[in-house]
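Engineer: The structure under discussion is supplied below as structure tokens; questions concerning it will follow.
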Amino acid sequence: MNILGIESSCDDTCAAIVRDGRAVASSCIASSAAEQNLYGGVVPEIASRRHIEHISQVTRAALDEAGLTLREIDALAVTYAPGLIGAVLVGLNFAKGLAFAAQKPLVPVHHLRGHIAALYLTHPTLQPPFLCLVASGGHSHIVAVQDYTHFQVLGRTVDDAAGEAFDKVSRTLGLGYPGGPAIGKAAASGNPRAYALPTPHVEGAYNVSFSGLKTAVLNLVNQARMQGREVCVPDMAASFQFRITEILAEKLLAAARDTGAKQICLAGGVAANALLRETLTAGAKRLGAQLFLPALSLCGDNAAMVAAQGYYEYRAGHTADLSLNGLATQSIEEG
Ligand code: KG4
Ligand code: ZN
């Protein structure tokens, strides 16, 4: 079964074709991240306008790369929530138009379910149940993936998402957007123990909080400036990266230990972080659990993950009619 996936929930315009939920036939992305960097973060209207400009070409490219015509596509899967609503609506409306014109089933996909499905593309034999940390620019969840379309959130951020914290600290340090890769690069030559950053206290065994950590970095930078000094950027980047990855890894491993999960996974843009991947690899080994990491090319937003999840949603009978609307927020459990 060939599913054409469409994704436009943030600053990447993406189309991809996946066979039977597991094999990527094509995956195309046009990103406006470089342009967004000029403004220090994503400007929603610019994201929407770039999606409008790029979506048809990206979809054409995905069909061509897979060597398929629209007629050979069995269903259209599209991110309908959550995300920047103006951005979501561009991809959603385009997918609805295609589904209408080509008379194909339309499958709504929750963006975070899509991030999790990137694991099925990387590990063809991985099957639920498993425990997954989904860390992106907008969300940080610890999710029990009960089966392909049933999810239970065990923990979440009470304030900033992990990716958002990377982006904000990166901006404070003058490293640009997106913050994750910039911090990772700067941290490579820094000392992770140079600055003692706090581990915020938070209610709920598997919840996380990053707002205090972000503010601690900001305060140290401002204090140094008031004293006529500058913080050492590589050392601060390394100290921040060390603390945030330690918090994320500890929470996921604690949830795995407490629930007895034997398979643990990582997903979302932050899953590309090398230190987080290393820390979890060591932690999973200590716990005797099997760790599954997404391919680096599938951590950030892409439409292959949407098409992969779309396959399982379709098989579960989750299709929509042409009145389908987009949502800025929606729980992964209900989506
Ligand atoms: O999943 P994603 O591509 O988009 C959303 O759904 O939000 O995640 C983007 C987030 C950004 O905040 C970005 O800074 C972060 O993922 N990110 C990283 C890395 N690469 C991207 N964070 C840490 N380390 C990275 N290597
Ligand atoms: Zn995402």
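The values are calculated or read from the model by the stated rules, or taken from the named source; none is laboratory data. Quantities reported herein were computed from a predicted structural model and do not represent experimental measurements. With ideal geometry, Cβ positions are generated from the backbone for all residues, glycine too; neighbour counts draw on all protein chains shown. The area values use the complete protein model at the heavy-atom level, side chains included, leaving out ligands, DNA and RNA. Shrake-Rupley method; radii C 1.70, N 1.55, O 1.52, S 1.80 Å.
Engineer: According to a simple spin-label model (label point 7 Å from Cα along Cα-to-Cβ), what is the distance in nm between His201 and Ala274?
Structural biologist: 3.7 nm
Engineer: Something else about it: To the nearest 10 degrees, how steep is helix 85-102 against the longest Cα principal axis of the chain, on a 0 to 90 scale?
Structural biologist: That works out to roughly 20 degrees.
Engineer: As a check on your grasp of the helix formula, calculate [θ] at 222 nm for the chain: sum -39500 (n - 2.57) over DSSP H runs of n ≥ 4, divide by the residue count, round to the nearest 500.
Structural biologist: Calculated at 222 nm, the ellipticity per residue is -14500 deg cm²/dmol.
Engineer: For the chain, what % of the accessible area comes from carbon and sulfur atoms, probe 1.4 Å?
Structural biologist: Summing carbon and sulfur atoms, their accessible area is 52 percent of the total for the chain.
Engineer: At 1.4 Å probe size, with no ligands or nucleic acids counted, give the accessible surface of Leu175 in Å², nearest ten.
Structural biologist: For Leu175, the solvent-accessible surface is approximately 60 Å².
Engineer: Compute the angle between helix 162-172 and the longest alpha-carbon principal axis of the chain, please, reported from 0 to 90 degrees and rounded to the nearest 10.
Structural biologist: Result, in degrees: 50.
Engineer: Given Ala205, Ile183, Gly163, which one lies farthest toward the positive end of the charge dipole of the range 139-218, if we put +1 on the Cβ of every Lys and Arg and -1 on the Cβ of every Asp and Glu?
Structural biologist: Projecting each Cα onto the dipole axis, the largest value belongs to Ile183.
Engineer: Residue by residue through the range 129-135, what is 3J(HN,Hα) from phi via Karplus (6.51 cos²θ - 1.76 cosθ + 1.60, θ = phi - 60°)? Round to whole Hz and write x for glycine and proline.
Structural biologist: x, 7, 9, 9, 8, 9, 10
Engineer: Could you give each residue of the range 203-214 its phi-based ³J(HN,Hα) in whole Hz, using Karplus coefficients 6.51, -1.76, 1.60 with θ = phi - 60°, and x for Gly or Pro?
Structural biologist: Ordered by residue, 3J(HN,Hα) equals 5, x, 4, 10, 7, 10, 9, 10, 5, x, 5, 4 Hz.
Engineer: What do you get for chymotrypsin sites (Phe, Trp or Tyr not before Pro) in the range 29-137 restricted to DSSP loop and a cutoff of at most 16 other Cβ within 10 Å of the site's Cβ?
Structural biologist: Answer in residue order: Tyr39.
Engineer: Quick one: accessible surface of Met1, probe radius 1.4 Å, all protein chains present, in square angstrom to the nearest 10.
Structural biologist: 60 Å²
Engineer: Which whole-number percentage describes the relative contact order of the range 248-335, with Cα contacts under 8 Å and a sequence gap of 6 or more?
Structural biologist: Relative contact order comes out at 28 percent.
Engineer: Among the lysines, which have Cα under 26 Å from the Cα of Lys185 when same-chain residues fewer than 8 positions away are ignored?
Structural biologist: Filter leaves Lys168, Lys214, Lys251.
Engineer: Moving on. Is the shape of the range 57-141 best called rounded, prolate or oblate, per the rule: a/c under 1.5 gives rounded, else a/b larger than b/c gives prolate, else oblate, with a ≥ b ≥ c the square roots of the Cα gyration tensor eigenvalues?
Structural biologist: Oblate is the answer for the range 57-141, as a/c is 1.5 or above yet b/c matches or exceeds a/b.
Engineer: Could you run the Karplus curve 6.51 cos²θ - 1.76 cosθ + 1.60 with θ = phi - 60° over the range 30-37 and give me ³J(HN,Hα) per residue in whole Hz, x for Gly and Pro?
Structural biologist: Coupling constants for the range 30-37: 10, 9, 9, 4, 5, 5, 4, 4 Hz.
Engineer: Related question: Restricting to Cα atoms and excluding each atom paired with itself, what does the Kirkwood estimate give for the chain in Å?
Structural biologist: 20.1 Å
Engineer: Suppose every Lys and Arg Cβ carries +1 and every Asp and Glu Cβ carries -1, with no other charges. What dipole size does the range 224-265 come out with about its Cα centre, to the nearest 20 debye?
Structural biologist: Once rounded to the nearest 20, the dipole reads 60 debye.
Engineer: Shifting gears a bit: Out of residues 5 or more away from Phe151 or on other chains, whose amide H comes under 5 Å of its own, with H placed 1.01 Å from N in the peptide plane?
Structural biologist: Gln146
Engineer: About the Cα centre, and with charges only on the beta carbon of Lys, Arg (+1) and Asp, Glu (-1), how big is the dipole of the chain? Nearest 20 debye, please.
Structural biologist: 620 debye
Engineer: How high is the FRET efficiency between Asn191 and Glu246 when r is their beta carbon distance and R₀ equals 22 Å, given to the nearest 0.05?
Structural biologist: 0.90
Engineer: Moving to a separate point now. Show which lysines lie in cross-link reach of Lys96 when reach means a straight Cα distance below 22 angstrom and same-chain residues fewer than eight apart are skipped.
Structural biologist: Lys104
Engineer: In addition: Taking the Cα centre of the range 1-147 as origin, sum charge times position over the Cβ atoms of Lys and Arg (+1) and Asp and Glu (-1), and report the length of that vector in debye to the nearest 20.
Structural biologist: 220 debye
Engineer: Further question: Between Gly283, Gly83, Gly21, where does the largest GNM mean-square fluctuation fall for the chain, given springs only between Cα atoms within less than 10 Å?
Structural biologist: Comparing Gly283, Gly83, Gly21 in a Gaussian network model of the chain, the most mobile one is Gly283.
Engineer: With everything on Cα atoms, drop me the angle between helix 274-287 and the longest principal axis of the chain, reported from 0 to 90° to the nearest 10.
Structural biologist: 90 degrees
Engineer: Would you kindly enumerate the cysteines in the chain that have no other Cys beta-carbon under 4.7 Å from their beta-carbon?
Structural biologist: For the chain, the answer is Cys10, Cys14, Cys28, Cys232, Cys299, because their Cβ atoms have no other cysteine Cβ under 4.7 Å.
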